[in-house]
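> This is the structure, below, for whatever I ask next.
The values are calculated or read from the model by the stated rules, or taken from the named source; none is laboratory data. All of these numbers come straight from a predicted model, not from anything done at the bench. Backbone-built Cβ (ideal geometry, glycine too); neighbour counts: all protein chains shown. For accessibility, only protein heavy atoms count, side chains too; no ligands or nucleic acids. Shrake-Rupley method; radii C 1.70, N 1.55, O 1.52, S 1.80 Å.
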Amino acid sequence: MGWANQMGVPSGGFLPSSLPNLELWTRFNQGITVTGSGVSQWDDQSGNGNHLLQGTDANRPSEEVDGSILFNGTAHFLKAAAFTLVQPETIYILGKQVTWTADDRWIDGNANNTGVLQQAAPSPEIRIFAGAFLGNISLTLDTDGIITSVFNSTSSVIQLNNDSPVTGDAGAANMGGFILGARGDGTTNFSNIQVKEALIYSEAHDAATRAQVIGYLQSI
């Protein structure tokens, strides 16, 4: 845990931006704008301008003292403007489940049910969906974990930390964007989660590449 220097480079020297096809990167305790009661923008550090936004004060999650973002499970979400994002897609989330409610969404695509990471019975399990369900994995409540979702039709993956991945068919829907904390249209399935970092790549990462990114996230 912790950084090697003030430039934000972890001790191993690897940064996610050294890999190709990085589409969105929201970094821990960086690029966060608080307006009114919460976070109005979380800057995309990939250089693509896919910032996560919230223009409605009541829907803004809170920035916590450690620099993480807390979603209350009743109204909070952040969403990027639609951008080109088609399978294969690899998404990493560093965060924790504060509480658990079946069907609540960690993430989705620009439209509903196009790239879902959701809470799925029994508690505290989670799974992915892009036309078919794949999972489950179990992330203990109030415990940080790294969740990797690879949306790649019949070769999809969901993985917790460096545990053995679950592989199979998650469907063929294309995300076309990204929302954090609710379903695609931002009207329901709000999740009570606390997030430190999110990364999206427009390719399917193999096990060795996933281990690199997971190692980076473990250094935070």
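> Of Asp66, Asp108, Asp43, which has the largest mean-square fluctuation in a 10 Å C-alpha GNM of the chain?
Highest fluctuation of the listed residues: Asp66.
> A further question follows. So what is the accessible area of the chain per residue, in Å², with the probe set to 1.4 Å?
Heavy-atom SASA per residue in the chain reads 38 Å².
> Along its three principal axes, how long is the chain when you only count alpha carbons? Whole Å, largest extent first please.
42, 40, 33
> Could you check which residue among Ala172, Ala207, Ala75 shows the biggest mean-square fluctuation in a GNM of the chain with a 10 Å Cα cutoff?
Ala207
> What net charge do the residues around Ala120 carry, taking every other residue with its C-beta under 9 Å from that of Ala120, with Lys and Arg at +1 and Asp and Glu at -1?
That sum, taken over residues with Cβ under 9 Å, equals -1.
> Once a ≥ b ≥ c are taken as the square roots of the eigenvalues of the Cα gyration tensor of segment 100-217, is the result rounded (a/c under 1.5), prolate (a/b larger than b/c) or oblate (a/b not larger than b/c)?
Here segment 100-217 falls in the rounded category.
> Please list 3J(HN,Hα) in residue order for segment 120-127, calculated via the Karplus relation 6.51 cos²θ - 1.76 cosθ + 1.60 where θ = phi - 60°; whole Hz, with x for glycine and proline.
Those phi angles translate into 9, 4, x, 4, x, 7, 9, 8 Hz.
> In whole Hz, with x marking every Gly and Pro, tabulate ³J(HN,Hα) for segment 145-151 from phi via Karplus 6.51 cos²θ - 1.76 cosθ + 1.60, θ = phi - 60°.
With coefficients 6.51, -1.76 and 1.60, one gets x, 10, 9, 10, 10, 10, 8 Hz.
> Tell me the relative contact order for segment 47-104 as a rounded percent, counting alpha carbon contacts under 8 Å between residues six or more apart.
Averaging sequence separation for qualifying contacts and normalising by length gives 32 percent for segment 47-104.
> Seen from all sides and averaged, what is the projected area of the convex hull of the Cα atoms in segment 95-169, in nm²?
If you wrap the Cα atoms of segment 95-169 in a convex hull and average its projections, you get 4.5 nm².
> Further question on the same structure: From the phi of every residue in segment 38-43, what ³J(HN,Hα) in whole Hz does the Karplus formula 6.51 cos²θ - 1.76 cosθ + 1.60 yield, where θ is phi - 60° and glycine or proline is x?
Karplus values, whole Hz, x for Gly and Pro: x, 7, 9, 7, 10, 5.
> Quick one: which residues, 5 or more positions from Trp106 or on another chain, have an amide H under 5 Å from its amide H? H modelled 1.01 Å from N in the peptide plane, none for Pro or chain starts.
Amide H to amide H, under 5 Å and 5 or more residues apart or across chains, Trp106 pairs with Leu117, Gln118, Gln119.
> Could you order the peptides 179-188, 144-153, 157-166 from most to least packed, using the average number of other C-beta atoms within 10 Å per residue?
Descending packing order for the listed peptides: 144-153, 179-188, 157-166.
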